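The structure under discussion appears below in the form of structure tokens.
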Amino acid sequence: MNAPPAHASLNLRSRVDDDWPFILDLWVASWRATYPEIDFEARRDWLQRRLRELEAIGAVTLCLFDAQSTLAGFVVINPADGWLDQICVAPDRFGAGFGAALLSAARNVSPRLIRLDVNADNARAIRFYERDGFSRVGRGANTLSGRETIMMEWRPLGD
């Protein structure tokens, strides 16, 4: 498992309404870096609606800020069922431990189970989750893009 970045003083907190522009900008930039052929800018409204719907049924959105109070990433997880719907790190922070810090925060919210879908062609993300103790438990398809997905799951050792 990657350790959280030691070089940064991190601040993790629940999303507030003032965070929306930063969350949406970060999400678009992150996904654009991963899939440049898809117009994620056109999906900003979808993401905001999606996160509001998830929060209305109990999910929490946690925002991770660096020492300069810049949003470095966020995670959306429902503690009732362990469903991690979104985890997103700013592209200039890829590989620097911010994703691991967000997964650690997700485990604090849902300590018995985390499940998620990852695009099957996103090898970097799959390696990240597998290094962090996730296993492949199923397959599916992304409802927006139709891309094949892999369902992954994490449980604490011994469960």
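The values are calculated or read from the model by the stated rules, or taken from the named source; none is laboratory data. Since we're looking at a predicted model, the values are computed, not measured. Methodologically, a virtual Cβ is constructed for each residue, glycine included, from the backbone with ideal geometry; neighbour enumeration extends over all protein chains shown.
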Condition first: at pLDDT 95 or above and assigned to a helix (DSSP H, G or I). Now tell me which residues in segment 105-126 satisfy that. ALA105, ALA106, ARG107, ASN108, VAL109, ILE126
Restricting segment 97-138 to residues that are β-branched (Val, Ile, Thr) and more than 11 Å from the chain's Cα centre (by Cα), the one surrounded by the fewest Cβ atoms within 10 Å (Cβ to Cβ) turns out to be VAL137
Can you tell me which condition ARG49 does not meet? The list is (1) at pLDDT 95 or above; (2) of a type outside the set (S, T, N, Q); (3) in a loop (DSSP other than H, G, I, E, B), and all the others hold. (3)
Screening ASP85, ASP17, ASP92 for residues that are modelled with pLDDT under 95, under 21 Å from PHE128 (Cα atoms) and of a type in the set (Asp, Glu) leaves only ASP92
Can you pull out every residue in segment 61-96 that is crowded, with 16+ Cβ neighbours inside 10 Å, farther than 24 Å from TYR35 by Cα and small (Gly, Ala, Ser)? GLY82
Of the numbered conditions (1) of a type in the set (Gly, Ala, Ser); (2) in a helix (DSSP H, G or I); (3) over 17 Å from LEU103 (Cβ atoms), SER30 fails exactly one; give the number of that condition. (3)
From the set of residues in segment 38-60 that are under 13 Å from the mean Cα position of the chain (by Cα) and surrounded by fewer than 20 Cβ atoms within 10 Å (Cβ to Cβ), which is farthest from PHE98 (Cα to Cα)? LEU47
For segment 139-159, how many residues meet the condition of being in contact (Cβ under 8 Å) with a residue 40 or more places away in the chain and surrounded by 14 or more Cβ atoms within 10 Å (Cβ to Cβ)? 3
Within segment 59-68, which residues are under 15 Å from ASP92 (Cα atoms), in contact with a strand residue (DSSP E or B) (Cβ under 7 Å, 6 or more places away or on another chain) and not in a strand (DSSP E or B)? ASP66
